[in-house]
Structure formats: structure tokens, C-alpha cells
1. Pick from ARG51, ARG120, ARG112: which residue has the top mean-square fluctuation in a GNM of the chain where Cα pairs under 10 Å get a spring?
2. With a cut-off of 8 Å between alpha carbons and a minimum separation of six or more residues, what is the relative contact order of the chain in percent?
3. What's the tally of Lys pairs in the chain whose alpha-carbon atoms lie under 30 angstrom apart, where the two lysines are 8 or more places apart or on different chains?
4. Among HIS18, HIS25, which comes first, second and so on when ranked by fewest other beta-carbon atoms within 10 Å?
5. Could you work out how far the C-alpha centroid of the range 48-119 sits from that of the range 1-29, in angstrom?
6. Sequence-distant or interchain residues sharing an amide H contact under 5 Å with VAL45, placed H: which?
Amino acid sequence: MTEPVTVLTDELFGALNHDPFVLLHTIDADNGSPTSSAISWIYAVDRTTLRFAIDGRSRLSTNMTSKAEVSVTLFAPGTVQTIYGTAKLASEALEEVPFKLVCFDIDIASIRDAMFYGARLSVVPDHEKTYDKRAADKLDGQVFAAMRKA
């Protein structure tokens, strides 16, 4: 049996720091069922820590406060990887952001290949902001700047 991977490779680190498409998986605080949500404000702080921001009123925040074990599925060039870890609140409010966002860190416990055998991801999913591009870019800049200070 191989040793578990516990640190981000150069490729995954880079993918997480260039507007990645990810799914955050939590355990529902009320019924214990798994949940999945696409999130956009996420980056790798270092090789063992992810940081992300979400609406402070969201169900995700309640879920992680109740049960800290989470996973993040990353769609990157040629691969799908799932990053497992423990979420902890990094900041209850991000300064200089126009609405209430909370910031969480994930301490990476393991990283596993989530692609089925004999295949590779030929195209990375892409996304676009559906509101004013200038407003989206401004907000993204504010959020990421505040997250780096958290």
C-alpha cells in the first residue's frame, strides 16, 4: 500500500491559485447527509492549507461549525483530485468586503485521485460570472485581499 499524499504538488498548488473550479463537500448539520456546493473564493495558502470564503449566513458555515471534516474536489488539467481535511474558522468577518463573509482554512489530511481508472480529464470545467464583469473583478479583488489578511 502506498503512503497517502498529504501535500499539494506543484501542479495542484498552481491550479488552486488560478481561479479553480471546485466543489466543497460538508456534512449537513441537521440530518448528517453529505452536501456539495461549488465555491469560487478559494486558494492554497501553502502546500498543506487551503483557505476559502463563503457567505456567513450559508448552510455550509453551519455544517462546518457542527462537523469540521470536509473535502474539496478540484478539477485540474488532466485530473480530478479530492482533498480531505479539517475546516477551522479563520475569520468571522472579512474587512473591506461589502457583505458578511466568513473565512475558513482547511488543514489537508490527504489528497486522492478521484478520476476513474484509465481516464484523464481532457477539458477542465470553466465558469463565468453572470453579473457585471467590472463589479465581479472588483469584488473578487476585495475578497482575496481580505482573505490574505485573515
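A short reminder: the numbers here are calculations on the coordinates, not readings from a lab. These numbers come from a predicted model, not from an experiment. For neighbour counting, all protein chains shown are included, and Cβ atoms are generated from backbone atoms with ideal geometry for every residue, glycine included.
1. ARG120
2. Values: 293 pairs, mean separation 35.9, N = 150.
Value for the chain: 24 percent.
3. Taking the chain as the scope, the lysine pair count is 15.
4. HIS18, HIS25
5. When both Cα centres are located, 9 Å separates them.
6. LEU50, ARG51
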